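Asker: Dropping the structure in here first, questions after.
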Amino acid sequence: MNILLIHGPNLQLLGKRQPEIYGRQTLADINSHLREIASQRDVELKVLQSNHEGEIVTAIGDNIDWAHGILINPAAYTHTSVAIRDALSAVNLPVIEIHLSNIYAREPFRHHSYVSPVAVGIIGGFGAYSYDLALDAMVHILREKT
Ligand code: CA2
């Protein structure tokens, strides 16, 4: 089972800035914890972070034949990117949208997501644990399918 995990713009700053909003764990901490869970679940995890919309679009398309499911924290692109939504919709794989924070408890401009309508589910508000929950949810979905 192959799962692609995409982190959107500015998430490379995790643990280094605004810990009151996004927590103290760095992206490297989160990724290494997820790789551990993935290996316990017998899952191949491919991880990438990009600050560029086009790179994220390309990565989604490039993994169409590799990935069985996609986990994505589109970060600010959640609220702006038709291109990422179209790419996710085109690959026709299960997608789980992840957020560290509860976007509905924040500024109104964060309340709309272009990605949610093409996701099977959305997990947010649990800090780095949102990623653990999303990985387990994806494994559950993919195991149910086989
Ligand atoms: O809560 C989330 O995971 C978000 O996707 C994070 C995005 C934000 O634009 C979304 O509305 C919600 C922001 C990611 C920026 O990450 C930073 C991390 C540390 C310091 C500064 C920014």
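Asker: For the chain, with all protein chains present and a 1.4 Å probe, just round the carbon and sulfur fraction of the accessible area to a whole percent.
Answerer: Values: 3690 of 7370 Å².
Heavy-atom surface of the chain belonging to carbon and sulfur, 1.4 Å probe: 50 percent.
Asker: Probe radius 1.4 Å, ligands and nucleic acids left out: which of LEU5, LEU133 has the largest accessible area, and how do the rest follow? All intermediate terms of the calculation are to be shown ahead of the outcome.
Answerer: Details: LEU5 0, LEU133 55 Å².
So, going from the largest accessible area down, we get LEU133, LEU5.
Asker: Hey, what do the phi angles of region 128-140 turn into as Karplus ³J(HN,Hα) couplings, whole Hz, using 6.51/-1.76/1.60 and θ = phi - 60°, x for Gly and Pro?
Answerer: For region 128-140, the Karplus-derived couplings read 4, 5, 4, 5, 4, 4, 5, 4, 5, 5, 5, 4, 4 Hz, x marking Gly and Pro.
Asker: Multiply the residue gap between ASP86 and ALA28 by 0.36 nm, knock off their C-alpha separation, and tell me the result in nm, one decimal place.
Answerer: Details: separation 58, 0.36 × 58 = 20.88 nm, distance 2.84 nm.
Stretched out fully, the ASP86 to ALA28 stretch lengthens by 18.0 nm.
Asker: Specify whether the C-alpha gyration tensor of region 43-131 places it in the rounded, prolate or oblate class, a ≥ b ≥ c being the square roots of the eigenvalues: rounded for a/c under 1.5, otherwise prolate if a/b is larger than b/c and oblate if not.
Answerer: Values: a/c = 1.78, a/b = 1.40, b/c = 1.27.
Prolate, because a/c is 1.5 or more and a/b exceeds b/c.
Asker: Run the dipole for the chain about the Cα centre, Lys and Arg Cβ at +1, Asp and Glu Cβ at -1, nothing else charged, and hand back the magnitude in debye, nearest 20.
Answerer: 280
Asker: If the label point is 7 Å along Cα→Cβ of ASN10, which residues in region 50-66 have backbone nitrogen under 20 Å from it?
Answerer: Only 50-57 pass the distance filter.
Asker: Pairs of Cα atoms under 8 Å, at least six residues apart: use those to get the relative contact order of region 2-145, whole percent. Mind dumping the intermediate values first?
Answerer: On the way: 238 pairs, mean separation 38.3, N = 144.
Rounded, it is 27 percent for region 2-145.
Asker: With every protein chain left in place, what is the accessible area of PHE126 in Å² (1.4 Å probe, nearest 10)?
Answerer: For PHE126, the solvent-accessible surface is approximately 120 Å².
Asker: In Å², what does the accessible area per residue of the chain work out to with a 1.4 Å probe? Please list the in-between numbers first.
Answerer: Values: 7370 Å² over 146 residues.
That works out to 50 Å² for each residue.
The values are calculated or read from the model by the stated rules, or taken from the named source; none is laboratory data. Not measured: the values here are computed from a predicted model. Quick reminder, even Gly has a Cβ in these numbers, built from the backbone with ideal geometry, and neighbours come from all protein chains shown. Areas reflect the complete protein model, heavy atoms only, side chains present, ligands, DNA and RNA absent. Shrake-Rupley method; radii C 1.70, N 1.55, O 1.52, S 1.80 Å.
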